[in-house]
Amino acid sequence: MNVVKNILGLGLVLALTACGTTDRFAVDSPQVTEKINIRFSAVEVRDVSLPTYAADDEIHILKSNGTMTSSADQLWADSPERAVALELSENLSRLTGRRIASEPWPFEAYPDARLEVRFSKLIASEAGQFNASGQYFVAVMNGTQERSGLFNLSVPFDPKGGAANIAAARGQLILDLASFIARNGLK
């Protein structure tokens with residue numbers, strides 16, 4: 001009986017060792033060094049819509065031949081749609097000094113405006129560029145001066161640094177997007 005237990009135990013240890021580990025990569029927001037005045041005192045960041053590959057937990061990389069690759073061993077630390085919405089609202093708050101929060105709106109008083117962002121592209125390339133493009137929409141509570149705009153941004157990174165550099169580049173890219181939206185959509 002002990003021989004059977006030892007064999008089963010050894011098999012379990014070997015199986016767990018063969019599985020490998022999964023690394024999760026958090027996105028840290030870069031330091032905000034500028035202040036941007038906007039016309040709204042409170043903004044709700046509503047939906048952040050990502051392409052299917054960007055909403056996946058796996059970190060995808062665009063190859064030069066147009067294919068995307070990923071690995072189940074390298075994952076984002078948080079759900080990308082949730083994380084990008086939080087990064088965007090936190091960056092907008094730090095840039096503007098205004099009450100900005102992602103949905104659901106946590107305050108009793110309603111926001112002056114709602115922001116929705118739809119990404120058509122959000123991916124790192126093997127060439128060392130993290131690219132984002134899409135459209136933003138600003139809905140104003142009183143219905144006046146509602147607006148929308150297109151964005152197409154990129155941030156360079158060293159691909160030799162792997163997923164950690166990709167995560168840092170995404171952090172910078174979302175800060176750049178927050179600055180772009182503050183200057184062009186929330187003025």
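Just a few scattered comments:
- Size descriptor, Kirkwood hydrodynamic radius, that averages inverse alpha-carbon separations across segment 34-74, Å: 13.7 Å
- For the chain, the tally of Lys pairs with Cα-Cα distances below 27 Å comes to 5, considering only residues 8 or more apart or on different chains.
- Mean Cβ count within 10 Å, highest first, over the residues of peptides 112-123, 151-162: 112-123, 151-162
- Stokes-Einstein diffusion of segment 115-187 at 4 °C, 1.567 mPa s viscosity, Kirkwood radius from Cα pairs, rounded to a whole number: 99 µm²/s.
- Converting phi to 3J(HN,Hα) with the Karplus coefficients 6.51, -1.76 and 1.60 and the offset θ = phi - 60°, segment 134-139 yields x, 9, 10, 9, 10, 9 Hz in sequence order, with x at every glycine or proline.
- Carbon/sulfur fraction of accessible area - segment 114-161, other protein chains in place, 1.4 Å, %: 46 percent
- A simple rule links phi to the HN-Hα coupling: the Karplus curve 6.51 cos²θ - 1.76 cosθ + 1.60 with θ = phi - 60°, which for segment 45-60 gives 8, 8, 5, 10, 9, 10, x, 3, 5, 6, 7, 6, 5, 6, 7, 9 Hz, with x for Gly and Pro.
- Most mobile listed residue (Glu126, Glu146, Glu44) in the chain, GNM with C-alpha springs under 10 Å: Glu146
- Mean accessible surface per residue for the chain, computed with a 1.4 Å probe while every protein chain stays in place, in Å²: 55 Å²
- Counting every C-alpha pair in segment 87-141, the share spaced more than 13 angstrom apart comes to 71%.
- Summary of packing: across the peptides 69-78, 87-96, the per-residue average of other C-beta atoms within 10 Å ranks them, highest first, as 87-96, 69-78.
- Mean residue ellipticity (222 nm) of the chain, computed from DSSP H runs ≥ 4 via -39,500 (n - 2.57), nearest 500: -11000 deg cm²/dmol
- Note, ³J(HN,Hα) from phi for segment 156-167, Karplus 6.51, -1.76, 1.60, rounded to Hz, x at Gly and Pro: x, 8, 8, x, 5, x, x, 5, 4, 6, 5, 5
- Restricting the calculation to Cα atoms, the chain shows an Rg/Rh of 1.14 when the hydrodynamic-style radius is the Kirkwood one.
- Amide proton proximity set for Phe130, modelled H, under 5 Å, gap of 5+: Ser125, Val155, Phe157
The values are calculated or read from the model by the stated rules, or taken from the named source; none is laboratory data. Note that the structure is a prediction, hence the values are computed from the model and not measured. All Cβ positions, glycine included, derive from the backbone under ideal geometry; neighbour counts span all protein chains shown. Protein only, heavy atoms only, side chains kept; ligands, DNA and RNA dropped before computing areas. Shrake-Rupley method; radii C 1.70, N 1.55, O 1.52, S 1.80 Å.
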